[in-house]
Ligand code: NOJ
């Protein structure tokens, strides 16, 4: 750094892009900017000749010889596409996140990408928000496990290995709390909430060694994250001791002008630099203004050196100075057999069975199924959001997976796409339904209806899917609704019409074979909800770890809208926190998911009625597989701190274990509770463990379970 000019230092903070579609010779201006040391990183350079050439110029022709780093949004797979991240969270298995990330890195690094903008670790409590699809879900504990899995998977065991891909924990922070679920919207999070709920996955990412962070588009409590000294300096650098680098989100530096905290781009650059925002994505506020800001003494050289050192440290750690070039012999690694197997495995384990009446699933042998619905053969849609490099030609759809099977009675889309309102194909679909034993309806959302900038106010099935389902149900044939979507879909209007509901998220390249195996019982659906499933969008935000309030909702005093007398005298009917129409419970709670078997929980036991902060309390429960097939249960442990100096959530997930049980088998499942499980950040902003009474539930989801109490002395 001592040898670098001011311009070269500023150059390191610049991330440039080329269009992924650019063909032909590399633009001369771009080459010259690299030669002059005016770029530190590139995004979306998907032409490997460009990657090789730009890197060669940086290393051989620029004065400093500092290598570039190439970035891309590789979110849930590069070529082999895995389920969308919320689906990966539904596996409740960090190993799946690790494997998906490792395979993504192996495939992506082969074209020279050594840095991904993932994982997205935003806690999301609102299914209207389109980016819930990319999120780890609503729970900080589950989100933290996923964070660790992703970071370790992308980066691998050795950062200098050519398959190691720098992870980017994003979006720091609070992006998932956008008001009303409207993307990019205002975020208000009080500090204890920030620390207790939104921060833990990011802390886990730092602990796992994440090399980079991305600042969020949004403001938090009045200050955009990108220029937020409290977040970027105090929390991230001083408290979490993060020593990688922070990149802005796309144009988020100059968007501080629109936010209204900077009068112009120059002031935006000053705010960002002073907050410790190291690299600027796409906009050029640093490039155009940092020199003047340094010369005017508004940004000190020391401050600039801090940014540059952070960036260079990451490049050094990744071994880019020793080995800057792409390994040209590895491009054949796409869609390896084990990659496709892992993608299928993740999809099977992500699928959440929400309803299964009369055991319509798994489809019994000898039955013939009709495949109907807009997602039954939609190779592009099943890949989900953020799949720039996924190829629909490689997707295996449900139709492809079923069509040669003995189960297959026929296929009829019924609708051309998920938003279709035409009824012209109904007749054919109904005729097919009448000829089959079971109807498999593949509905949901097209990929583009979730993800960035795709929030929805109404999260019912789009188009006329409900109408078609009702007509199909009227045939009297059993009907299974398979949902492929980027978010929970409200199915209140339709659930009674169908016999089974399977949430498949957007399952990725191998969605078809995974669904075939799950629907026919070769495998069980392994998923549990990583988010609360609402009855109606009007309940949002909705999450299990809410506060009790002064008037907690209670079914014994709840009065439904239809039970209120006409002309009723003004009264606070029911006297509690609920909706008179939608009530207060979700459609399905966090943690929920059926299997093809049944489980019974008995004999909860705690090793003592009291514990101290030095002690460990053991809580155990017996879980029995009461069904007639081998199955696995995700046994979940929730804790409630009854009295705190700040109000505490009604339940918090603190641990879980997946147990495999043969039919009829009983296992004792034990959990160790330590002071970490009882700690939280209170109004002093300190992590505290407060003596008093606690309740513990062990059960199959956030609303059920056996309870035991203890006192922390
Ligand atoms: C904007 C998105 O918010 C972010 O997640 C993504 O990584 C960047 N664009 C780059 O594509």
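The values are calculated or read from the model by the stated rules, or taken from the named source; none is laboratory data. The model shown is predicted, which means the values in this text are computed figures rather than measured ones. Reconstructed Cβ throughout: ideal geometry from the backbone, glycine too, with neighbour counts over all protein chains shown.
Entry remark, segment 169-198: residues being buried (at least 19 other Cβ atoms within 10 Å of the Cβ), farther than 25 Å from residue 268 by Cα and more than 16 Å from the ligand (Cβ to nearest atom) number 4 in total. Quick check: is even one residue across segment 16-26 within 16 Å of the ligand (Cβ to nearest atom) and either on the phi > 0 side of the Ramachandran plot or buried (at least 19 other Cβ atoms within 10 Å of the Cβ) (or both)? Yes: one or more hits.
The set of residues in segment 381-399 that are surrounded by fewer than 16 Cβ atoms within 10 Å (Cβ to Cβ) and modelled with pLDDT of 95 or more contains only 393.
Of all residues being in contact (Cβ under 8 Å) with a residue 60 or more places away in the chain and closer than 29 Å to residue 341 by Cα in segment 45-70, which is farthest from the ligand (Cβ to nearest atom)? Just the residue, please. Among them, the one singled out is 48. Evaluation of residue 355 against the conditions (1) surrounded by fewer than 16 Cβ atoms within 10 Å (Cβ to Cβ); (2) modelled with pLDDT of 95 or more; (3) not in a loop (DSSP other than H, G, I, E, B) shows that the sole unmet condition is (1).
Do we have residue 130 as within 16 Å of residue 384 (Cα to Cα) and within 15 Å of the ligand (Cβ to nearest atom) here? Here the answer is yes, as residue 130 does meet what is asked.
Only one of the numbered conditions (1) surrounded by fewer than 24 Cβ atoms within 10 Å (Cβ to Cβ); (2) within 24 Å of residue 392 (Cβ to Cβ) is violated by residue 515, and that is (1). For segment 553-586, filtered to residues that are under 37 Å from the mean Cα position of the chain (by Cα) and not in a loop (DSSP other than H, G, I, E, B), the residue that is farthest from residue 650 (Cα to Cα) is 561.
Among helices (runs of 4 or more DSSP H) entirely within segment 188-300, having at least 2 residues that are within 21 Å of residue 313 (Cα to Cα) singles out 200-207, 265-275, 285-295. Going by the structure shown, is residue 526 in a loop (DSSP other than H, G, I, E, B) and farther than 18 Å from residue 83 by Cβ? In short, no. For segment 390-408, filtering for residues that are in contact with a helix residue (DSSP H, G or I) (Cβ under 6 Å, 6 or more places away or on another chain) and over 16 Å from residue 511 (Cβ atoms) leaves 1.
Given the conditions (1) in contact with a strand residue (DSSP E or B) (Cβ under 7 Å, 6 or more places away or on another chain); (2) farther than 14 Å from residue 414 by Cβ; (3) surrounded by 21 or more Cβ atoms within 10 Å (Cβ to Cβ), which single one is not true for residue 451? Condition not satisfied by residue 451: (1).
Residues in segment 471-486 that are farther than 15 Å from residue 501 by Cβ and away from the ligand (no atom under 16 Å from the Cβ): 471, 474, 475, 476, 477.
Tell me, yes or no, whether segment 11-24 has at least one residue that is part of a loop (DSSP other than H, G, I, E, B) and either within 21 Å of residue 156 (Cα to Cα) or touching a residue at least 60 places away in the same chain (Cβ under 8 Å) (or both). Checked segment 11-24: at least one residue is part of a loop (DSSP other than H, G, I, E, B) and either within 21 Å of residue 156 (Cα to Cα) or touching a residue at least 60 places away in the same chain (Cβ under 8 Å) (or both).
Residues in segment 263-271: is at least one in contact (Cβ under 8 Å) with a residue 60 or more places away in the chain and either more than 16 Å from the ligand (Cβ to nearest atom) or surrounded by fewer than 23 Cβ atoms within 10 Å (Cβ to Cβ) (or both)? The answer is no; no qualifying residue exists. In segment 133-153, is there at least one residue being more than 13 Å from the ligand (Cβ to nearest atom), over 14 Å from the mean Cα position of the chain (by Cα) and either touching a residue at least 60 places away in the same chain (Cβ under 8 Å) or over 21 Å from residue 258 (Cα atoms) (or both)? Checked against the condition, which is being more than 13 Å from the ligand (Cβ to nearest atom), over 14 Å from the mean Cα position of the chain (by Cα) and either touching a residue at least 60 places away in the same chain (Cβ under 8 Å) or over 21 Å from residue 258 (Cα atoms) (or both), segment 133-153 yields at least one hit. Highlighted here would be strands (runs of 3 or more DSSP E) found entirely within segment 595-713 that include at least 3 residues which are without any contact (Cβ under 8 Å) to a residue 40 or more places away in the chain and assigned by TED's automatic domain parsing to the domain that holds residue 360, but there are none.
Entry remark, segment 211-224: residues being without any contact (Cβ under 8 Å) to a residue 60 or more places away in the chain, within 16 Å of the ligand (Cβ to nearest atom) and more than 16 Å from residue 130 (Cβ to Cβ) number 4 in total.
Scanning segment 93-123 for residues that are within 16 Å of the ligand (Cβ to nearest atom) and part of a loop (DSSP other than H, G, I, E, B) yields 113, 114, 117, 118, 119, 121, 122, 123.
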